[in-house]
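Remarks on the structure that follows.
Taken together, the values in this text are just the output of simple stated rules run on the coordinates, not laboratory data. Because the structure is predicted, anything quoted here is derived from the model rather than measured. Every residue, glycine among them, receives a Cβ derived from its backbone with ideal geometry; neighbour counts consider all protein chains shown.
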Amino acid sequence: MMRDGRIRFSLVAALLLFSGLPALAQAGASTVAEIAAYAGPDRAERLAAGAKREGTVTIYTSARVDDMAQLGAAFEKKYGVKLRVWRASSENVVQRGVTEARGGRFDADVFETDAPAMEALHRENLLQKLPVPSSADLYPAATLPHGEWTGTRINLFVAAYNTQAVKADELPKSYDDLADPKWKGRLGIEAGDTDWFGTLIGQLGEERGLKLFRTMVANNGISVRKGHSLLSNLVVSGEVPFALTTYSAADDQIKKGGAPIAWIAIPPAIARFEGVGVARKAAHPNAAILFYEFLLTEGQKILASREIITASRSGRPLPAGMSVVFVDPARSLDENPKWSRLFRNIFANQVR
């Protein structure tokens, strides 16, 4: 009987031990916050080793496919960690991240998209506060007081034109010039640029700015297209000879290949940071933090080599002598309903 009792006790103890293993493993796992806070002399080695064990890192981004492919290849070559990319519009990046989190699913380790969208992810409590690498030579405006995301690149909004369809001497010097009937049937704009629109109207003065755009559309119409890359390509084809809102980097990349495209910045020039942040509940925390730091340091050189204006002052700077107004991410997010409504009202029935 004593022997049977010992056997039963041993079985119970074993069952209790094995049932507790998941909890013990979970307790022993480091969180994103704990990993980020570690500042020992072997921090870099520990981070790289942890990332290699994890093997992959998943990023939700709105960056161009080719740009992210270059970053991913360099990251994998250096650390042996595979970058998995899910690409969509900034709105869809936020929507998917929020929907998954509310359902208890955390597939994204890193988010990288435009400033208002990153600010929305911050407000949803999905991002982890992280220190900026000391070696990152960033513009002061690239860092936020809350520290949950950091600027990586600058999208400079520019007006692109087909150099075979638009003569240099007819280029507008102000937005008022675009109300001239000579632009009838020649204009285009991106369908989601409400943050650009709100910032620009704020600079022009609301009453004057809204009247100007209403007159422009009434006189000349405007082709509204979804996607900045699409709009740049339509400029190249000549279908949209003059587009009000493309990104300078994309235009420069296309121009480098010999396409008939060039751009001007109609004053006041508007720019917007794109940012990166690590998910608070990243499944691959070491790899997520490692990629975050890589993107803000070595990754800046890769972005600069691809005509992208970087958040790093030692990368590819904004054009010399250009005065730029940056989109305020928090204000843009707060005022989005207003500017989205006005944007739709002005450009109604123009979408293709």
Charge context of residue 284, other residues only, Cβ under 12 angstrom, K/R +1, D/E -1: +2
From zero outward in steps of 5 Å, how is the percent of C-alpha pairs of the stretch 175-301 spread across the bins? 2, 9, 15, 18, 16, 12, 10, 7, 6, 3, 1, 0
Amide H partners (placed H, <5 Å) of residue 56, local residues excluded: 82
Identify the residues of the stretch 72-89 with backbone N under 20 Å of a label point that sits 7 angstrom from the Cα of residue 49 along the Cα-to-Cβ direction, or state none. 78-82
Could you give the C-alpha radius of gyration of the stretch 236-340 expressed as a fraction of 2.2 N^0.38 Å, taking N as the number of residues it contains? 1.32
Helical segments meeting 24 Å axial Cα length and Kyte-Doolittle -1.0 threshold in the chain (DSSP H): 2-19
Computed helical MRE - 222 nm, the chain, DSSP H runs ≥ 4 contributing -39500 (n - 2.57), nearest 500: -14000 deg cm²/dmol
Of 103, 273, 212, which is farthest along the charge dipole of the chain in the positive direction, counting Lys and Arg as +1 and Asp and Glu as -1 at C-beta? 103
Which entries in 167/255; 173/211; 77/256; 78/281; 173/338 show an alpha-carbon gap greater than 23 Å? 77/256; 78/281; 173/338
Taking the Cα centre as origin and putting +1 on Lys and Arg beta-carbons and -1 on Asp and Glu beta-carbons, what dipole magnitude results for the stretch 307-352, to the nearest 20 debye? 160
Any idea how far apart residue 100 and residue 313 come out in nm if each label point goes 7 Å out from Cα toward Cβ? 3.6
Please give the peptides 106-116, 58-68 ranked by average Cβ packing (other Cβ atoms within 10 Å per residue), highest first, as a rough proxy for protection. 106-116, 58-68
Starting from 0 in steps of 5 Å, tell me what percent of the Cα-Cα pairs of the stretch 16-164 lands in each bin. 2, 7, 13, 17, 21, 18, 10, 5, 3, 2, 1, 0, 0, 0, 0, 0
Consider the candidate values [x] 70, 46, 33; [y] 103, 38, 35; [z] 54, 47, 47; state which one is Cα extents along the principal axes in Å computed from the structure displayed. [y]
Summed side-chain charge close to residue 236 - residues other than residue 236 whose Cβ falls under 10 Å, Lys, Arg +1, Asp, Glu -1: -1
Taking a cut-off of 20 Å, what percent of all Cα-Cα pairs in the stretch 72-135 are separated by more than that? 38
Given Cβ point charges of +1 (Lys, Arg) and -1 (Asp, Glu) and nothing else, what value in debye, to the nearest 20, does the dipole of the chain about its Cα centre take? 780
First measure r as the distance between the Cβ atoms of residue 325 and residue 78, then evaluate 1/(1 + (r/R0)^6) with R0 = 30 Å and state the FRET efficiency to the nearest 0.05. 0.25
